[in-house]
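What follows draws every value from the coordinates through simple rules; no lab data is involved. Keep in mind that this is a model prediction, so the values were computed, not measured. Glycine gets a Cβ as well: all are built from the backbone with ideal geometry, and neighbour counts include every protein chain shown.
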Amino acid sequence: MRLHAITLENIRSYTHCTVTFPSGSVLLSGDIGSGKTTILLAIEFALFGTRRGELSGGMLLRHGARAGSVTLDATIAGKHVRITRTLKRTPNGVAQDAGALTIDGTVVECTAQELKARILSLLKYPPSLLTKKSLLFRYTVYTPQEEMKAILYEKADDRLDTLRKLFAMDTYKRARDNALLLVRELKRDVATLTGRLEELNAETLDAKSIEQRKQELLAARARRTAERAKLERRLRQEQEALAQLEQQRFEREELMKRQAVMRTRAESMQSRLEDFDKQLARLAEQIAATEQHLSPADSDEAALLKERAVQERQAALIEQKRRAIEQQRAKYLALAKQHEDVVHRVTKLAECPTCKQHVPAEHKQRITEAARAQAAQAQRKLDELASLAQRLAEKEAVLAKRRAETDQKLQLLEANKVKQAQLAKNKADYARLEQERAGFVQEREKLLDEVQLLAQQLAAVPPVAAAQYEKAKEALAATRAAREQVLVQLAEQGKELELLEKELARIAERAKERERVAAALAQQQRRVTWLSKQFINTAHAIEKTVFMSIYGLFNEYFRDWFSLLIEDETLSVRLNHDFAPLVVQNGYETELAHLSGGERTSVALAYRLALNRVINEFLDTIETRGLLVLDEPTDGFSTEQLDRVREVLDRLALEQVIIVSHEQQMEGYVDNVIRVEKREHESIVHE
């Protein structure tokens with residue numbers, strides 16, 4: 001599948017826009033919120049329509065618009081396909097309207113559901129997805145940014161169910177569940193038929209000759225039963241004798257084991273004591289170094305903070321005076337300008353604008369001289385204000401220098417407080433370790449005492465002679481063989497009695513009914529046996545075999561992609577049996593929450609790329625194999641990790657990769673860049 005272009009009409013922040021997608025890697029670049037993700041949602045909407053709770057019409061249709069549409073042009077299975085879906089606003093909300101599907105120029109008008117069915121057929125997706133979420137598309141082609149890490153944190157059962165659906169393997173689980181339901185129904189039938197058969201058997205025991213033989217067998221069984229009781233009494237006595245010998249051997253072996261364990265623990269404690277000595281020496285060095293590097297503090301913190309507050313108030317007062325000077329200066333500048341304007345106007349005045357009479361030169365001179373005098377007075381005020389401002393600036397410089405000195409002293413005090421806290425912690429750790437070491441020394445001495453006590457106890461328990469033990473075992477075996485022979489004879493007599501019971505049943509009035517019930521019972525039991533022991537186990541074995549094959553490839557790809565994204569030999573990943581990612585750091589497993597943001601994104605991206613490749617290999621008929629859409633795949637990446645994205649794109653080797661990112665560095669890693677920006681609530685695309 002290859003995308004060519006998409007046209008959006010009244011979709012979210014777009015009024016009318018057509019975006020063309022070239023082959024190769026394509027970057028949708030732009031600020032956060034500019035409308036990049038809207039293009040991806042529009043692609044998914046064009047293919048699968050709206051989905052309740054995830055991609056609704058109200059989420060897509062632009063606010064205030066009565067109708068909207070999305071038209072997607074693509075090549076699917078070698079055919080040129082155009083998909084058009086429309087939205088309309090109704091009194092009950094936003095709903096999908098009829099759409100259209102064009103294949104190689106042939107147009108078909110479709111309802112939303114018909115359009116989805118035809119597109120699933122083109123993509124060769126399973127028909128079961130018609131009434132379900134498009135999980136296959138979400139995990140092979142496009143996963144929204146906020147959902148990319150979701151599968152990593154799912155419960156194990158939920159994750160396995162998701163994978164079953166992705167690989168179309170949920171049919172095995174449904175088959176097992178349905179078989180279990182059927183087995184329960186069949187077992188209820190078996191119980192009913194068994195009860196009826198027992199009733200029929202009870203009604204058919206009435207033949208005299210068979211009853212006489214039955215009594216003879218019962219008498220013989222009584223004699224054999226008495227013989228069995230005698231043998232079982234002897235067997236119990238011999239078992240007790242052998243058990244006593246075995247107990248003696250067991251006690252000796254247990255004492256030896258406990259002695260070995262105590263010795264091992266004592267040796268382990270000696271190693272632990274050496275570790276304590278090393279830790280105590282290291283803490284002593286740290287305490288000495290910290291005490292040596294403590295800076296002398298000759299200033300009182302409270303006094304410094306008080307002085308800093310005074311300096312802040314002085315700075316505020318200086319600022320207040322500066323603003324007052326500026327206000328006075330503006331006032332006198334305006335007065336000077338006003339008087340100069342008067343001089344200018346009067347000088348050019350020939351007649352009075354009110355009475356239209358000639359204005360004498362003497363009158364104009366008096367007015368201009370008065371105005372010039374007032375302008376000169378305003379200028380003197382301005383000079384005074386300038387001098388005052390200069391003195392104020394000098395005071396401000398002195399105050400700034402004093403504030404810097406005060407800040408430096410406060411920083412020195414804060415550094416000393418941190419060192420003092422670390423010194424106190426190290427001393428407390430030293431005291432704790434000394435106490436723990438003393439406890440270990442005491443416990444080791446107790447262990448050595450116990451080793452000595454066990455040695456004394458061991459000497460008090462003599463070993464059992466092998467000949468004595470073998471003789472007891474042989475006597476017990478002979479008695480068991482005699483008892484088994486009696487049990488076999490009892491079993492044979494029991495079988496003969498069972499045959500007599502069946503013979504009596506066959507001559508009963510209800511023989512025909514009994515046979516019918518017995519046949520029905522046997523048939524239901526065979527069905528239960530076949531379903532329980534063959535069908536369900538076979539379905540489980542098939543699913544397990546396929547899952548193990550998927551696991552092997554999945555795990556390999558997951559580790560390869562992660563090692564490509566994170567070039568750190570101390571950090572690696574793998575999958576557990578539930579397909580959950582396990583992170584190993586410095587040889588120890590760690591949780592995802594303990595990783596940095598970029599590392600968690602790398603785990604999620606590697607998992608996504610591995611799952612994409614495995615699905616494409618196992619479902620090699622789907623038509624979306626050549627397309628991949630990545631929504632902000634580098635969230636939290638460092639500069640070095642961003643540099644590795646280039647190699648990721650090269651190794652993907654896909655016909656078309658569409659990436660959404662606001663990272664400018666990504667522009668150098670792709671074949672094509674499409675820029676998206678938003679102007680006055682409307683998104684605009686620059687290709």
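Below are the figures for this structure:
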quantity	calculated
Theoretical FRET efficiency, 1/(1+(r/R0)^6), r = Cβ-Cβ of Leu217 and Arg526, R0 35 Å, to 0.05	0.65
The chain, helix-only ellipticity at 222 nm - DSSP H runs n ≥ 4, -39,500 (n - 2.57), divided by all residues, nearest 500	-23000 deg cm²/dmol
Highest to lowest packing among 585-591, 91-97, scored as the average C-beta count within 10 Å	91-97, 585-591
Least to most buried among Thr621, Thr75 (fewest other Cβ within 10 Å first)	Thr621, Thr75
Residues Leu197, Leu487, sorted so that the one with the fewest Cβ neighbours within 10 Å comes first	Leu487, Leu197
Options Ile550, Trp530, His540, ranked by Cα towards positive dipole end of segment 520-575, top entry (Cβ charges)	Trp530
Gyration tensor over alpha-carbon atoms, segment 631-678, equivalent ellipsoid semi-axes in Å	16, 15, 9
Segment 430-500: C-alpha gyration tensor shape, a/c 1.5 cut-off, then a/b vs b/c	oblate
Difference of contour (0.36 nm per residue) and Cα-Cα distance, Glu312 to Asn92	73.0 nm
Rh (Kirkwood; distinct C-alpha pairs) - segment 460-570, Å	22.4 Å
Distance between segment 54-69 and segment 205-267 - C-alpha centres, whole angstrom	81 Å
Segment 301-435 - convex hull of the alpha-carbon atoms, volume per residue in Å³	127 Å³
Coordinate range along principal axes, alpha carbons of segment 22-154, Å, largest first	41, 39, 32
Cα gyration tensor, segment 534-687 - rounded (a/c under 1.5), prolate or oblate	oblate
Length gained when the stretch Gln665-Arg372 is fully extended (0.36 nm per residue, less Cα-Cα span)	98.9 nm
3J(HN,Hα) from dihedral phi, segment 416-426, Karplus parametrisation 6.51/-1.76/1.60, rounded to Hz, x for glycine, proline	5, 4, 4, 5, 4, 5, 5, 5, 5, 4, 5
Degrees separating the helix 639-652 axis from the principal Cα axis of the chain, which is the longest one	60 degrees
Among (i) 105, 75, 46; (ii) 114, 84, 68; (iii) 169, 89, 47, the entry that matches Cα extents along the principal axes in Å as calculated here	(iii)
Principal-axis tilt of helix 156-166 within the chain, Cα atoms, nearest 10 degrees	80 degrees
Rounded tilt (10° steps) of 301-348 against the dominant C-alpha axis of the chain	40 degrees
